[in-house]
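The values are calculated or read from the model by the stated rules, or taken from the named source; none is laboratory data. Worth saying up front: this structure is predicted, and the values here are computed from it rather than measured. Positions of Cβ are generated from backbone atoms using ideal geometry, with glycine treated the same way; all protein chains shown enter the neighbour counts. These accessible areas exclude ligands, DNA and RNA; they are computed on the full protein's heavy atoms, side chains included. Shrake-Rupley method; radii C 1.70, N 1.55, O 1.52, S 1.80 Å.
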Amino acid sequence: MTKYTDIGVEKHGHVGLIEIRKPPLNFFDVALINQIADALEEFDKDIEIRASVLAAQGKAFCAGANFGDPARQEQEEKAKSDPASNLPINHLYVQAVRIFRNKKPIVAAVHGAAIGGGLGLAVSADFRVTCPEARFAANFTKLGFHPGFGLTATLPELVGKNNAELIFYTSRRVTGEEATRMGLANVCVPQDQVRAEAMKLAAEIAECSPLGLISTRATMRAGLADRVLAATNHELVEQTKLRATEDFKEGVKATAERRVANFRGR
C-alpha cells in the first residue's frame, strides 16, 4: 500500500479506514486531498474492501483551508498579478473531483468542526455520523468569499435548495443535532462513539453484495462527479475574482481575530 504522510490507512475486514492526521484542526491542502483520493482509488482496486470510513484525529474533522498560512498568503498575492499562479487552487479542486469519482460507499465520522472546504469534504461522503459538539459551516461569505469544493452542487442535493441558501448566506455554524434534522448528517451519537458508529454503518453496508453495491451506487450518484467538476470550475472563477477584493482581506483578518468584519463592498 502507498506510503502516506497526512493520512493513516487501515483495513478492518471489508471496511477501509482513512484517518486525517493533521491535528488539531486538520487544515487541508492539495497534498491532503490528493492522498485521500489516492487511498479511495486503492480501496476501489481492492476486492476485499466494500465500504470505507473517513475520520480524523484532533479537535476538528477538517477546518478547511488555512488562510493564515504564510505560503498560502504568498500565493494569494501572486494570484492577484498572475492568474496562472492560481493553478494550485485549481489543482486542489481537480483532486476533489477525484474523490467524487470513487466507486464504493464512504461514511464520514464527523466528530468536530467541518468548516468551509472541510464541509465540502464531509459532504463528498455518502453518509455522515456526527455528534452534538460537531459544527458544520460554509463560512465563505463571512470571509468575503464564494463557496467552493463543489458545495454549490452537493449541499442543495442533501438539505434542499433553501436550507443550502440559508447556510451559505448566513455562514452560520450548524450543530450536529441541527445537521441531522436537516439531512446533512444521518446519525447523531455521543462524541466518543462517532467513529465506532461510522465503522458499524460501514460494516452494515459491507455485508451486502460488492457488485450490487457498486452498481447501485453508480446509479444513485450518476453524473455527480461531473456536476461537481462544473461547479468547481465556476466556483474557482468567482473565488479568484473575490480573492482580489479588500473585503476578502478584511474577512480573513476578522475571522482570525474572532470579530465581526467591517465589510465595505469593495
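Could you grab the pairs with beta carbons closer than 6 Å, sequence gap of 6+ or different chains, first residue in the stretch 40-66 and without any contact (Cβ under 8 Å) to a residue 12 or more places away in the chain, second one open to solvent by less than 10 Å² (accessible area, probe 1.4 Å)?
Close Cβ pairs (under 6 Å, with a partner that is open to solvent by less than 10 Å² (accessible area, probe 1.4 Å)) do not exist here.
Please find, within the stretch 195-216, the residue that is least open to solvent (accessible area, probe 1.4 Å) out of those that are more than 21 Å from residue 154 (Cβ to Cβ) and either aliphatic (A, V, I, L, M) or in contact with a Gly (Cβ under 9 Å, 6 or more places away or on another chain) (or both).
206
What is the number of the single condition among (1) exposed (fewer than 14 other Cβ atoms within 10 Å of the Cβ); (2) assigned to a loop (DSSP other than H, G, I, E, B); (3) modelled with pLDDT under 90 that residue 67 does not meet?
(1)
Residues of the stretch 37-57 being closer than 26 Å to residue 216 by Cα, open to solvent by less than 30 Å² (accessible area, probe 1.4 Å) and not in a loop (DSSP other than H, G, I, E, B), which ones?
The answer is 37, 39, 40, 43, 51, 52, 53, 54, 55.
Name the pairs: first residue in the stretch 142-169 and part of a helix (DSSP H, G or I), second residue crowded, with 22+ Cβ neighbours inside 10 Å and β-branched (Val, Ile, Thr), Cβ to Cβ under 6 Å, at least 6 apart or on different chains?
153/228; 154/123
Tally up the residues in the stretch 19-59 that are charged (D, E, K, R) and either touching a His at 6+ places or on another chain (Cβ under 8 Å) or under 16 Å from residue 102 (Cα atoms) (or both), please.
Adding up the residues that qualify gives 8.
Suppose we filter 34, 86, 26 for residues that are part of a helix (DSSP H, G or I), under 24 Å from residue 112 (Cα atoms) and either out of contact with any Phe, Trp or Tyr (no Cβ under 6 Å at 6 or more places or on another chain) or modelled with pLDDT under 90 (or both); which single one remains?
None of the other options fit; the residue is 34.
Anything in the stretch 20-69 that is basic (Lys, Arg) and within 13 Å of residue 8 (Cα to Cα)? List them, or say none.
Of everything in the stretch 20-69, those that are basic (Lys, Arg) and within 13 Å of residue 8 (Cα to Cα) turn out to be 21, 22.
Count, please, the residues in the stretch 89-127 that happen to be modelled with pLDDT under 95 and in a loop (DSSP other than H, G, I, E, B).
0
When the residues of the stretch 124-138 are narrowed to those that are buried (at least 23 other Cβ atoms within 10 Å of the Cβ) and under 25 Å from residue 91 (Cβ atoms), which ends up farthest from the chain's Cα centre (by Cα)?
The selected residue is 138.
Does the stretch 144-163 contain any residue that is of a type in the set (Ser, Thr, Tyr), at pLDDT 95 or above and surrounded by 24 or more Cβ atoms within 10 Å (Cβ to Cβ)?
No, there is no match, as no residue in the stretch 144-163 is of a type in the set (Ser, Thr, Tyr), at pLDDT 95 or above and surrounded by 24 or more Cβ atoms within 10 Å (Cβ to Cβ).
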